[in-house]
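Heads up: the structure comes next, in structure tokens.
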Amino acid sequence: MFRSLLTAAALAVFAPAVAQVPAYPASFETQEVAANGTTLHVRVGGAGPAVLLIHGYGETGDMWAPLAAELARDHKVIVPDLRGMGLSARAEAGYDKKMQGQDMARLLDALKVGKADVVGHDIGNMVAYAFAAQYPGCVTKLVLMDAPLPGIGPWDEILKSPLLWHFRFGGPDMERLVAGRERIYLDRFWNEFSADPKSFDEASRRHYAALYARPGAMHAGFAQFAAFDRDVIDNHGFLARGKLAMPVLAVGGEKSFGTMMATVAEAAATDVTGAVIPASGHWLMEEQPAATVKTVTAFLRRK
């Protein structure tokens, strides 16, 4: 495992960028939590029933700040950076979603949390599903936001989209090709997956591009996609045991997955509520934060 690069000097470098993105409430604390053979950078705040927020590619746990601030009014909010990403340690392996689902289980164990609502976006969907499938008794409600699940439902049809070229972007030179050009690479996603690229603001772009330019960060990001073939096999195995039984909210951006998100979730779960965020592409928390926060919190607070 690479050693964590979270040092005082590193934090000083990133402080200006962090100050420009939506901030977590001052009551939130950050921790480095040993979990499942790696170390996760985690934000924790609030009190009440636990909720776990899992980010996706092109972002880190920083994306959840507006939702975390609202949920902290009546929840204990737990927001990790995924294995190898953001400010978490650079793990050499373990980027299959089954393993990362186990990361989430061990994280909750370390925080002495027995059950939690779980919210995922993008790659976070895949980790959230793998966590819920392996530890269904630990997940009270599940929210899946605007991304498919490998091997489940319309996965093969979704893969045909030319916008998803990055799922198969690989080879020995991929990291060298992108090194020093992380912003160019990531702008493709922020622009092409937005209803309006201006909604993903410049401060956020600078912030995330800087984080993904850190040593080992793009390697970890590429590894998330390289694991999809393994994820398909694992998800077929999970599904063979039966669909998820906990309540699931499937949220799609109107200009992205839309109602297809409910179709994806219905292939994996029996109790699915669908929702579409108007005038949003894939980046729901950046493009339509108020509507997204309202939709998610209403579901989580529903009795």
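Read-outs throughout are calculated quantities, based only on the coordinates presented, and are distinct from any laboratory measurement. Computed from a predicted model, the values in this text were never measured in an experiment. Positions of Cβ are generated from backbone atoms using ideal geometry, with glycine treated the same way; all protein chains shown enter the neighbour counts.
Near Thr140, the amide H atoms lying under 5 Å from its own belong to Ala116, Asp117, Val118; only residues 5 or more places off or on other chains count, and H is placed 1.01 Å from N. Charged neighbours of Ala267, selected by a Cβ distance under 14 Å, balance to -3 (K, R count +1; D, E count -1). Other residues with beta-carbon under 13 Å from the beta-carbon of Arg230 carry, at +1 per Lys or Arg and -1 per Asp or Glu, a net charge of -2. In this simple spin-label approximation, Ala298 and Arg188 carry label points 7 Å from Cα along the Cα→Cβ vector, and these lie 3.7 nm apart. On the basis of the beta-carbon distance and an R0 of 22 Å, Ala203 and Met174 show a calculated FRET efficiency of 0.20. Here the label points at Ala47 and Arg73, each 7 Å from Cα along the C-beta direction, are separated by 1.7 nm in the simple model. Structure remark: mean-square fluctuation, Gaussian network model of the chain, C-alpha springs under 10 Å; the largest value among Ala210, Ala290, Ala240 belongs to Ala240.
Top mean-square fluctuation among Gly221, Gly180, Gly151, Gaussian network model of the chain, C-alpha springs under 10 Å? The residue that fluctuates most here is Gly180. Among Pro136, Pro172, Pro25, the residue with the largest mean-square fluctuation in a Gaussian network model of the chain, with springs joining Cα atoms closer than 10 Å, is Pro172. Close amide-amide hydrogen proximity is noted between Gly274 and Ala250, each under 5 Å apart and 5 or more residues distant or on a separate chain (H modeled in the peptide plane; Pro and chain starts excluded). Fewest neighbouring Cβ atoms within 10 Å first, the residues Asp196, Asp62 line up as Asp196, Asp62. In terms of distances greater than 30 angstrom between alpha carbons, the cross-link table entries Lys112/Lys255; Lys243/Lys303; Lys97/Lys294; Lys115/Lys243; Lys243/Lys294; Lys97/Lys141 yield Lys112/Lys255.
Neighbour counts of other Cβ atoms within 10 Å put Lys255, Lys112 in the fewest-to-most order Lys112, Lys255.
Of all beta bridges that DSSP places with both ends in the chain, some 35 percent have antiparallel geometry. Counting beta carbons within 10 Å around each of Thr140, Thr39 and listing the fewest first gives the order Thr140, Thr39.
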